[in-house]
Each structure stands twice: as C-alpha cells, then as structure tokens.
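All remarks here apply to the structure that follows.
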Amino acid sequence: MSDLIQAARHLPARPALPTLSVAPIHIPVPGRPRPLALRVTLPVPAAGQGPLPVVLLSHGHGPSLYLSSLDGYAPLAGFLAGQGFLVIQPTHASSRSGGLGADAPGAPLFWRMRVAEMTAILDRLDEIAALIPGARPQPDRDRIAAIGHSMGGQTVGMLLGARLTDPTDPAARDVNLIEPRIRAGVLLAAPGRGGDGLSAHAAAAWPALNPDFSHMTTPSLVVCGELDDNPHLTTMGPAWHADPFHLSPGARALLTLAGAGHGLGGIAGYDAKETDDEDPDRLEATRRLTAAWLRSTLDPTDPVWEQAVAALRAHAPGLGWVEGR
C-alpha cells in the first residue's frame, strides 16, 4: 500500500489479487454502425476460482481523448478486479476516441445508445468471456452490477430504473430502459434532476439531462464530491449530484467525500490533467467503499459495507460521511 494512503487504510478491503486486462474485444450492438469496443479486467485465473461477479463500468463524457473510453478508469477497474470482480468497460458512442462521431444521430450525449451498449454486453457475456485468451472466466449472472461516473452515472441510472424525458424530442417521453439483470448500482458524481436543476446553458445544450429518479428501484449507492460544483451545468451547486439518492426509492446510501471534486480523488486515470482533485487517500476511499457496497449488496451475507461505514466514522471521518436509509 502506498505511503501516501493514511486514513483510507482503515477501510476494509480484501488482499489484492493479481489481475489481467484484455482489450480490445469487439461485439455487435443492434442499431450501432460499428462494433462496440470493450476492455475486460479480471483476476488472474486460479485453481478453485468460482463464478465471478460482473461489474459494467460506464465512463463519463469528459474532455480528454482517452479517459472516456476503454482506456480510462484504470484506478477503479484494476482495483475492483483485484477485489474479485470481472469488470467490463465499453467505449461508448459518445467517446471522443472510438465513438460514433459528432455528426451521428444521437450526438453528442448518445444517451439511448449508451444504454443499448450496456444491455448488449449483458446479452453477450458468455461470448465476451470466451474471447479472453487462456482464461475463460465464468460470469456470475446472479451477481451483476453497474457503475457509472458523470454522464456514465446517467446511463447507469437508466439501467437501474430512472426514466428520461427529452423536452425537445416528442419520441422521448418517460423512456423506460430498466435492466432487471443488474442487481446493484453505483452512481459516481452523476447528473441530478433536470428542469430547475439545470443552468440555462445546460437546458439549451443538453436537454436530455432530465432524468426522473422516482422509478429508480434497483439498490444503489450514490457517491458525491463535497466541492463538485459546475455552474455551467446546474444552479444547485454540489447538492445537485445527490438528487439520485434523495429522489429515488432504490438508493440505499449516499457517500459524500470531503473536499472532493468531480474526479473523486482520481478514478478516471492516474496523474491525469483532467482529474480536478487527485488525492491518493480520497481515491482509495472511493474504491474501497464502492467495492464494499457491491460485495454486501450482491451477497447480503457479507457484512463488509457495514464494517466499512463504521471504519469511516471511527477512523477516517475526514474522508467523508455516509447517509443511509
């Protein structure tokens, strides 16, 4: 463990397993003109290894060329794989590298296609596993979760049951794309509500940032940065990112990271200029608490989430706080 990680060392985590990463893997997606490129990161196969819980990781819509793709989020994907998860990262249609381009239908957010890409991954889990050379992991279809950061949080929110109405599109009214195969979700710095929650600029430029969380019923963890304020998007300040917790029946916990901006310590990439609050302790807290939530939600007999919350409160209160229900 890095000497820079001090308070977060008190949060429980399994000893890290060695991992391997395979990319690119390509799969077809209905309605997508080009195959979807994926990265799969997983524990190195070992004797006695059983089915692996699956995490779909949806990237954001950031300004960099490569973090918003299968080549980003290594700090989070690698950690989760080391904790025993099979992590699958698509390069979404909205990506600046490998996406569908600014002139394609649905640009720039491609909110429908992003959800369709995640669903296609679930439809082809066995095919994806078979394309990993020498490994052939067995995905556990009873333990599937999804994590999304920023715009990826809206994508995952829709998979968890949030609905969407685009006020500029008559065909996009109360759109329901819930994915029942996903049993747990984590929204990292996700967009909040539309309407009066949006700035005038955002309402004009991105009217599809208009989720309805009242139908988001899948058990969820919402993670926010205390200082994550983007006036170009919202008039509500950092509290906007907590809307998925306060406005949905499925959100079970809200983790607020003290002093964090949109990057939540650096989940999108190591030493990345795009990260607004790179901090090893905060990154480690984000990773450990996210993994603990997934472990306990996908396996209710695992008490690690309660242990992690207690450890945060007792030993690392300066890193953040948890509100539950």
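The values are calculated or read from the model by the stated rules, or taken from the named source; none is laboratory data. Quick caveat, the model's predicted, so the values are computed rather than measured. Positions of Cβ are generated from backbone atoms using ideal geometry, with glycine treated the same way; all protein chains shown enter the neighbour counts. Areas reflect the complete protein model, heavy atoms only, side chains present, ligands, DNA and RNA absent. Shrake-Rupley method; radii C 1.70, N 1.55, O 1.52, S 1.80 Å.
Summary of computed values
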{"read-out": "Those residues of region 1-43 which are out of contact with any Leu (no Cβ under 7 Å at 6 or more places or on another chain), in a loop (DSSP other than H, G, I, E, B) and open to solvent by less than 50 Å² (accessible area, probe 1.4 Å), in sequence order", "value": "Ile5, Pro12, Ala13, Arg32"}
{"read-out": "Answer residue from region 261-302, given it is in a loop (DSSP other than H, G, I, E, B), over 24 Å from Ala239 (Cβ atoms) and not hydrophobic (A, V, I, L, M, F, W, C) and is most open to solvent (accessible area, probe 1.4 Å) among those", "value": "Lys273"}
{"read-out": "Which numbered condition Thr235 misses (of (1) open to solvent by 50 Å² or more (accessible area, probe 1.4 Å); (2) closer than 24 Å to Arg141 by Cα)", "value": "(2)"}
{"read-out": "Single residue of region 68-93 satisfying the filter (touching a Leu at 6+ places or on another chain (Cβ under 6 Å) and among the polar types (S, T, N, Q)) that is surrounded by the fewest Cβ atoms within 10 Å (Cβ to Cβ)", "value": "Thr91"}
{"read-out": "Residue in region 100-121 that is surrounded by 19 or more Cβ atoms within 10 Å (Cβ to Cβ), in a strand (DSSP E or B) and modelled with pLDDT of 95 or more present", "value": "no"}
{"read-out": "Residue that is modelled with the lowest pLDDT, among those in region 165-193 that are assigned to a loop (DSSP other than H, G, I, E, B) and among the β-branched types (Val, Ile, Thr)", "value": "Thr168"}
{"read-out": "Positions within region 122-138 being closer than 14 Å to Val22 by Cβ and not charged (D, E, K, R), in sequence order", "value": "Ile128, Ala129, Ala130, Leu131, Ile132, Pro133, Gly134, Ala135, Pro137"}
{"read-out": "Any hit, region 59-67, residues being at positive phi, open to solvent by 30 Å² or more (accessible area, probe 1.4 Å) and either of a type outside the set (A, V, I, L, M) or in contact (Cβ under 8 Å) with a residue 12 or more places away in the chain (or both)", "value": "no"}
{"read-out": "Residue within region 109-118 that is over 22 Å from Pro43 (Cα atoms), without any contact (Cβ under 8 Å) to a residue 24 or more places away in the chain and out of contact with any Leu (no Cβ under 6 Å at 6 or more places or on another chain) present", "value": "yes"}
{"read-out": "Some residue of region 195-203 being open to solvent by 60 Å² or more (accessible area, probe 1.4 Å) and not acidic (Asp, Glu)", "value": "yes"}
{"read-out": "Matching residues in region 155-164 - criterion: being over 23 Å from Ala200 (Cβ atoms), open to solvent by less than 10 Å² (accessible area, probe 1.4 Å) and not in a loop (DSSP other than H, G, I, E, B)", "value": "Thr155, Val156, Gly157, Met158, Leu159"}
{"read-out": "Yes/no for Arg313 being assigned to a helix (DSSP H, G or I), surrounded by 24 or more Cβ atoms within 10 Å (Cβ to Cβ) and of a type outside the set (A, V, I, L, M, F, W, C)", "value": "no"}
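For (1) under 30 Å from Val44 (Cβ atoms); (2) under 16 Å from the mean Cα position of the chain (by Cα), each residue gets a yes or a no:
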position	(1), (2)
Ser150	no, yes
Gly157	no, yes
Gly185	yes, yes
Gly197	no, no
Met216	no, yes
Leu221	yes, yes
